[in-house]
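These notes are about the structure you will find just below.
The values are calculated or read from the model by the stated rules, or taken from the named source; none is laboratory data. Given the structure is predicted, the values throughout are model-derived calculations rather than measurements. Don't worry about glycine lacking a Cβ; one is built from the backbone with ideal geometry, like all the others, and counts go over all protein chains shown. Quick note on the areas: whole protein, heavy atoms, side chains included, nothing else; ligands and nucleic acids left out. Shrake-Rupley method; radii C 1.70, N 1.55, O 1.52, S 1.80 Å.
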Amino acid sequence: MNAVEYKNVTFRYRSADGAERAAIEDISLDVEAGHRLGILGPNGGGKSTLLKVTLGLLTGYEGTVRVLGMSPEEARRARVIGYVPQRIEAELAFPLSAHQVVQMGVTVGMAPWKGLNARQRTDVEEAMALVGADKVADTPIGQMSGGQLQRVMIARALAGRPKVLLLDEPTVGIDPAGQQQFGEFLGSLVKQLGLTLIVVSHDIRTIAAGCDRIACLSRTLHSHVAPQGLTPRVLAEVFKHDVAAIFGDVHVDAHTASSCSDPSHKHHP
């Protein structure tokens, strides 16, 4: 069973002068229930746009998107999708504790004067304990490390008991060693809860460590492979626009040193 399905999905942004630009184009992709999909690609390659379409935050796209058999808008109303956005510095300025932030995951749509019921309080406590955020429950979010903050944000998303969890650039502010650990943590989380996970990132460590399949996206879908299939040639194709921004419009022919037969190429250990 597929938890999320994309069929020939295209979304175009319209500029002030009426011109249209495709942020994502003709995306067809299935995400099996209980699997972990990493979406890898450069900044501006359409990753966040695809997430917003999946969340029902962007409409007017071409093609079909289904989340557990529902449209994105229906899935959002049914609260079957949890979402961890990119780190926003403005949020850190609010005088909120970790516990208060996680409570937000179950108070969406509630009248401000209503308190949590027993089930909601239990959901909050269980989500915090599951990710290890209970140890910093009273800590202001502005005083947390990058890793601690991300666990709190994931607990907030999990408190609503979603079946699909989406994360947008989850390792921003986390050092390389922490990125590897975070990827492994996501894998254990999926196994414990039976979640379907979609992680968007331009960081290869996070994607490779915590995902079953990797979709390489730079406006169009360049590949959909297991982590072992993430070859230098695929990466060069996906990130070639970032390279061109630095060196100009160049041809990139990526390969491993061991497979290179060109004596003019210099390889360094």
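Annotations
- Pairs, first closer than 16 Å to Asp138 by Cβ in segment 85-98, second open to solvent by 80 Å² or more (accessible area, probe 1.4 Å) and at pLDDT 65 or above, C-beta under 7 Å, six or more apart: Ser97/Asp138
- Index of the failed condition, Glu32 passing every other in (1) surrounded by fewer than 16 Cβ atoms within 10 Å (Cβ to Cβ); (2) charged (D, E, K, R); (3) without any contact (Cβ under 8 Å) to a residue 40 or more places away in the chain: (3)
- Among (1) modelled with pLDDT under 80; (2) buried (at least 20 other Cβ atoms within 10 Å of the Cβ); (3) of a type in the set (S, T, N, Q), the one test that Ser223 misses: (2)
- Condition met for Arg121 (in a loop (DSSP other than H, G, I, E, B) and at pLDDT 90 or above): no
- Checking Asp134 against (1) open to solvent by 60 Å² or more (accessible area, probe 1.4 Å); (2) under 25 Å from Thr107 (Cα atoms); (3) not in a helix (DSSP H, G or I), the condition it does not meet: (3)
- A Cβ distance below 9 Å, combined with a sequence gap of six or more or placement on separate chains, defines the contacts here; from segment 171-191, residues that are among the charged types (D, E, K, R) reach residues that are at pLDDT 75 or above and open to solvent by less than 20 Å² (accessible area, probe 1.4 Å) in the pairs Asp175/Gly146.
Conditions (1) touching a Ser or Thr at 6+ places or on another chain (Cβ under 8 Å); (2) aliphatic (A, V, I, L, M); (3) under 28 Å from Pro72 (Cα atoms); (4) open to solvent by 10 Å² or more (accessible area, probe 1.4 Å), marked per residue:
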| residue | (1), (2), (3), (4) |
| --- | --- |
| Glu126 | no, no, yes, yes |
| Ser188 | no, no, yes, yes |
| Ile198 | yes, yes, yes, no |
| Ser201 | yes, no, yes, no |
| Cys216 | yes, no, yes, no |
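Let's see how each residue does on (1) modelled with pLDDT of 85 or more; (2) among the polar types (S, T, N, Q); (3) over 23 Å from Met70 (Cα atoms):
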| site | (1), (2), (3) |
| --- | --- |
| Val131 | yes, no, yes |
| Asp134 | yes, no, yes |
| Ile174 | no, no, yes |
| Leu197 | yes, no, no |
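Residue-by-condition table, conditions (1) under 24 Å from Gln181 (Cβ atoms); (2) more than 22 Å from the chain's Cα centre (by Cα); (3) not aliphatic (A, V, I, L, M):
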{"site": "Gly105", "(1), (2), (3)": "yes, no, yes"}
{"site": "Asn117", "(1), (2), (3)": "no, yes, yes"}
{"site": "Arg121", "(1), (2), (3)": "no, yes, yes"}
{"site": "Gly132", "(1), (2), (3)": "yes, no, yes"}
{"site": "Gly146", "(1), (2), (3)": "yes, no, yes"}
{"site": "Leu149", "(1), (2), (3)": "yes, no, no"}
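- Of the residues screened, Lys163 is not one that is free of Cβ contacts under 8 Å to residues at least 12 places away in the same chain, of a type in the set (Lys, Arg) and out of contact with any strand residue (DSSP E or B) (no Cβ under 6 Å at 6 or more places or on another chain).
- Test: residue in segment 109-119 that is crowded, with 16+ Cβ neighbours inside 10 Å and hydrophobic (A, V, I, L, M, F, W, C): no
- Positions within segment 150-181 being open to solvent by 10 Å² or more (accessible area, probe 1.4 Å) and part of a helix (DSSP H, G or I), in sequence order: Gln150, Arg151, Met153, Arg156, Ala157, Leu158, Pro176, Ala177, Gly178, Gln179, Gln180, Gln181
- Close Cβ contacts (under 8 Å, 6 or more residues apart or on different chains) running from residues in segment 71-84 that are farther than 14 Å from Leu165 by Cβ and surrounded by 15 or more Cβ atoms within 10 Å (Cβ to Cβ) to residues that are of a type in the set (S, T, N, Q) and modelled with pLDDT of 95 or more comprise Pro72/Thr54.
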